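Just so you know, all these numbers are worked out from the coordinates, no wet-lab data involved. Not measured: the values here are computed from a predicted model. Counting neighbours? That spans all protein chains shown, and the Cβs are built from the backbone with ideal geometry, glycine included.
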Amino acid sequence: MAKPPRAPRPKLQTPRAPARRLLGLGGLGVAAAAYVGVDYLRHLSPAWHGRLQPALWAVLALAAAARAPFYRHWSAELRAALPFLGSIAFMLAAFLCEAISVRFVSAVMGLHWHRTAAPLPDTGQWLLLSLNEKLPQSVVDLLRAHVITLHHYLMLFIMLGFSVLFDCIKAPGLGIATRYMFTMAIGRVLRTITFIATILPSARPWCAVARYQIPRHPHPWAQKYYVPYASDSNAIRRVITQDMAYAAVQAYPDEYKPDWGRMSFLVDILRPTPGEGPSWYHLLKKASGGCNDLMYSGHMLVAVLTAMAWTEAYGGWISVAIWLLVLHSAQREVRERHHYSVDCVAAIYVGVLLWRMTGFIWSARDLARARRLAKLEEVQSRLVHAAKDSDIDEIRGLLKEVELSGQERQGFSQRAILAFAAGTIIFTLSCVLIAFTATSDG
């Protein structure tokens with residue numbers, strides 16, 4: 001006896017958002033490209049830059065503010081708020097550790113070492129210099145141009161995060177922001193461990209003289225464990241054999257030791273001088289990017305994480321364009337001797353791998369659709385029986401169960417959601433205003 005034909009599986013209809021259809025055609029990409037292009041006008045036409053940049057930011061801010069009251073995922077954003085704040089705290093702690101370590105590696109060898117240490121041979125630098133001789137001048141000028149810098153990548157990610165208001169990316173927006181900052185913090189911690197493990201000379205030997213007031217002589221640790229064995233091959237062979245620091249330490253000036261109270265333990269690490277301010281905090285503000293080679297490049301890490309976020313969350317031609325800009329930034333870091341080639345190469349694969357590893361925080365995968373499909377599999381046999389019995393009410397009830405299984409659970413009062421939404425709108429506009437002010441000079 002032939003088996004009755006199997007009832008076709010009903011197709012789930014997902015609501016289409018007009019804003020997503022509009023921006024999904026490339027509107028978000030156009031906005032991102034417009035931001036980078038308008039900001040580059042500061043080099044081509046400062047007058048037009050002064051007119052267009054405020055207008056662009058005003059349009060973007062008003063669009064976000066107008067869309068925010070109609071956003072449908074405030075409860076998801078509220079659930080993501082605590083992990084978001086935790087990732088901010090983790091990232092700030094990572095930045096503090098990095099700043100202390102940057103100052104240490106810049107000061108430990110002394111100013112005389114910075115002046116005399118030769119930069120490392122870098123085949124990437126050789127390649128770029130060779131290409132300058134062979135490529136058309138217009139191409140070389142394009143490679144040299146400051147098309148995009150660190151603050152652009154940060155603002156591109158902020159634009160991506162705010163695009164959740166228009167359903168351009170999967171909610172919650174604070175989820176992808178949490179993943180971005182958490183991954184950034186992990187990357188900064190690994191970077192700090194890497195560059196503090198082996199001190200490398202800068203590709204710009206004049207950097208320390210121009211930026212720091214560090215002592216000329218090396219730190220007492222370097223006086224005992226490095227200087228006597230730095231150049232004498234016999235001394236190096238002997239210390240390897242004995243595995244002990246045997247050489248006598250030369251006479252050096254005493255270290256300056258200010259009283260920083262509870263933070264005095266940082267004196268030996270930061271090596272302050274009398275003219276650098278009254279506290280350890282003043283030294284860290286001047287740490288900047290350091291004057292050693294810091295493996296791997298922090299700028300490139302930010303660029304790669306931004307590109308990975310755009311690729312996963314939005315995709316399209318703009319993601320390809322951002323990756324091209326990442327490569328442009330990498331060659332410019334090497335060309336301008338901010339980093340060696342190995343720093344940029346390492347930053348690219350570390351950034352890619354770290355982003356892949358933190359998908360548990362936020363993912364572009366549609367979990368609501370997966371829940372609906374799972375529920376549909378669960379009630380499929382009941383649907384078949386209801387269809388055979390022509391029980392329309394049962395079919396409607398089962399399909400409603402499937403639809404409700406994919407909806408977000410509220411868990412918060414309407415008043416809490418409205419208060420959070422209002423605070424987020426104010427926070428959003430404040431971020432845009434601060435970003436506009438902080439990046440107005442490039």
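Could you derive backbone 3J(HN,Hα) for region 74-86 from the dihedral phi with the Karplus parameters 6.51, -1.76 and 1.60 (θ = phi - 60°), listing whole Hz in sequence and x where the residue is Gly or Pro?
3J(HN,Hα) across region 74-86, in whole Hz: 5, 5, 5, 5, 5, 5, 8, 5, 5, x, 4, 5, x.
How high is the relative contact order of region 220-270? Use alpha-carbon pairs under 8 Å, at least six apart in sequence, and give a whole percent.
29 percent.
So how far apart, in nm, are the two label points at Leu190 and Arg42 if each is 7 Å from Cα heading toward Cβ?
So the two model labels end up 3.1 nm from each other.
Can you compute the charge dipole magnitude of the chain about its Cα centre, using +1 on each Lys and Arg Cβ and -1 on each Asp and Glu Cβ, nothing else charged? Give it in debye, rounded to the nearest 20.
Dipole size: approximately 840 debye.
Taking the simple approach of a point 7 Å from Cα along Cα-to-Cβ for both Leu135 and Glu403, what is their distance in nm?
For the pair Leu135/Glu403, the computed spacing is 5.6 nm.
To two decimal places, what compactness ratio does region 84-216 give when its Cα radius of gyration is scaled by 2.2 N^0.38 Å?
1.42
If you average the alpha carbon positions of region 179-257 and of region 269-332, how far apart do those two centres end up, in angstrom?
The distance from the Cα centre of region 179-257 to that of region 269-332 comes to 22 Å.
Given contacts defined as C-alpha pairs under 8 Å and at least six residues apart, what's the relative contact order of region 258-371, whole-number percent?
Answer for region 258-371 is 27 percent.
Kindly provide the pair-distance distribution of the chain built from C-alpha pairs, with 10 Å bins from 0 and whole-percent values in order of increasing distance.
Answer for the chain: a P(r) of 4, 16, 23, 22, 16, 10, 6, 3, 1, 0, 0 percent.
For Cα pairs less than 8 Å apart in space and 6+ apart in sequence, what is the mean separation divided by the residue count of the chain, i.e. the relative contact order in percent?
25
In whole angstrom, how long is each semi-axis of the equivalent ellipsoid of region 177-306, when you take the square root of 5 times every eigenvalue of its Cα gyration tensor and sort them from largest down?
30, 22, 15
Mind counting lysine pairs for me in the chain? Cα separation below 14 Å, and the two need to be 8 or more apart along the chain or on different chains.
Lysine pairs satisfying the spacing and distance rule in the chain number 4.
Which of the three applies to region 15-152, rounded, prolate or oblate, going by the alpha-carbon gyration tensor with a ≥ b ≥ c and a/c under 1.5 meaning rounded?
Taking the square roots of the gyration eigenvalues as a ≥ b ≥ c, region 15-152 is oblate.
Among the GluC sites (Glu not before Pro) within region 249-336, which fall in a DSSP loop and have no more than 14 other Cβ atoms within 10 Å of their own Cβ? Kindly include the intermediate steps, with their values, before the conclusion.
On the way: sites: Glu255, Glu276, Glu312, Glu333, Glu336; in loops: Glu255, Glu276, Glu336.
Answer by residue number: Glu255, Glu336.
Using only the Cα atoms of region 237-307, each taken as one equal point scatterer with no solvent, compute I(q) by the Debye sum, divide by I(0), and report log10 of the ratio at q = 0.14, 0.19, 0.20, 0.25 Å⁻¹.
The computed values of log10 I(q)/I(0) come out as -0.77, -0.91, -0.92, -1.07.
Would you mind checking which residues have amide H under 5 Å from Leu200's amide H? H placed 1.01 Å from N; only 5 or more apart, or other chain.
Asp293
So if each residue of separation counts as 0.36 nm, and I subtract the Cα-Cα distance between Glu378 and Thr149, what length gain in nm does that give? It would help to have the intermediate numbers written out before the result.
Details: separation 229, 0.36 × 229 = 82.44 nm, distance 5.13 nm.
So the chain would gain 77.3 nm between Glu378 and Thr149.
For region 100-143, rounded, prolate or oblate, judged on the Cα gyration tensor with a ≥ b ≥ c (square roots of eigenvalues), a/c < 1.5 rounded, else prolate if a/b > b/c?
Prolate.
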